[in-house]
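Visitor: First, the structure itself, so that you have it in front of you.
Values quoted throughout were computed directly from the atomic coordinates according to the rules given, and no laboratory measurement underlies them. None of the values given here were measured: they were computed from a predicted structure. FYI the Cβ positions are ideal-geometry reconstructions off the backbone, even for glycines, and counts take in every protein chain you see.
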Amino acid sequence: GIVGVFGYGGGVIGRYCDQPGMFPGVAHFHTVRVAQPAGKYYTAEYLRKLCDIWDLRGSGVTNMHGSTGDIIFIGTTTPQIEEIFFDLTHTMNQDLGGSGSNLRTPADCLGQSRCEYACYDTQALCHTLTNDCQDELHRPAFPYKFKFKFDGCPNCCVASIARADISFIGTWKDNIRIDQEAVQAYIGGELAPNAGAHSGRDWGKFDIQKEVIGLCPTKCM
């Protein structure tokens, strides 16, 4: 609440040095939270644009990603904050994340986009609820920070149990399904183990208990 952008109560954390006369270079050292995309997918070009903004208007020090999930820009001065916000929103179509006594930016695992264990579309749910809850993200009205995170399965890769107030965890609710023909093809060598990642190396005889059954995260097989 000490410093921020017009119309927002969250997204910027005010940091001031107790002895600005002795350390004028860090008299202001505000932190800016930038909302991460669902699943934390970026292009190299997009990351370069973010870094260019921060090199120009901040310290150049970043944290990708904090336990909240956001991109963290560490260290800028008060006059630069509105300029950073304008560049993010008007040039990059990018919003600030949540900070303060409000809903923090929702975070998710990469879900069904990359992971065979995901039991629901974490990115779709995270994106939807982020859009639905913009007011709670940017205009603090809670007595304390509040987080929800989305894990696609009980492996809990975003640590939703440890780091969130509401945890969304995907679980398998049907009978286990096993493609017996594929299992036999895998054992017989017709299908390359690990999609061929181990080709050229002798890993010994195939052990279905060790390589399949024992790796089941819910021990249901």
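Visitor: What residue among D165, D70, D108 has the largest mean-square fluctuation in a Gaussian network model of the chain, using Cα springs under 10 Å?
Guide: Of the options given, D165 has the highest mean-square fluctuation.
Visitor: Determine, for each peptide in 2-14, 150-162, the mean count of other beta carbons within 10 angstrom over its residues, then list the peptides with the highest first. Let's see the in-between values first.
Guide: Details: 2-14: 17.5, 150-162: 19.5.
Highest to lowest by the protection proxy: 150-162, 2-14.
Visitor: Can you tell which of S67, Q19, A162 lies farthest toward the positive end of the dipole of the chain, using +1 and -1 charges on the Cβ of basic and acidic side chains (Lys, Arg; Asp, Glu)?
Guide: Q19
Visitor: Y46 to W203: extension gain in nm, 0.36 nm per residue of separation minus the Cα-Cα distance?
Guide: Working: separation 157, 0.36 × 157 = 56.52 nm, distance 4.07 nm.
That pair, Y46 and W203, stretches by 52.5 nm at full extension.
Visitor: Using only Cα atoms, find the angle between the long axis of helix 122-132 and the longest principal axis of the chain, and express it within 0 to 90 degrees, rounded to the nearest 10.
Guide: 30
Visitor: At a 10 angstrom cut-off on C-beta neighbours, averaged per residue, how do the peptides 83-96, 205-218 rank from highest to lowest? Don't skip to the answer; put the middle values down first.
Guide: Details: 83-96: 16.0, 205-218: 11.4.
My ranking of the peptides, most packed first, is 83-96, 205-218.
Visitor: If you take every residue apart from C156 with its C-beta less than 10 Å away from the C-beta of C156, what net charge results, scoring Lys and Arg +1 and Asp and Glu -1? Please list the in-between numbers first.
Guide: Values: positive: K149, R163; negative: D151.
Surrounding charge for C156 is +1.
Visitor: Over the chain, what is the relative contact order in whole percent, taking alpha-carbon pairs under 8 Å and six or more residues apart? Walk me through the intermediate numbers first.
Guide: Working: 378 pairs, mean separation 35.7, N = 221.
Contact order relative to length: 16 percent.
Visitor: On a 22 Å Cα-Cα criterion, which of the cross-link pairs K173/K219; K40/K149; K173/K210; K40/K219 come out too long? Show your work: numbers first, answer last.
Guide: Values: K173/K219 14 Å; K40/K149 13 Å; K173/K210 24 Å; K40/K219 29 Å.
Exceeds cut-off: K173/K210; K40/K219.
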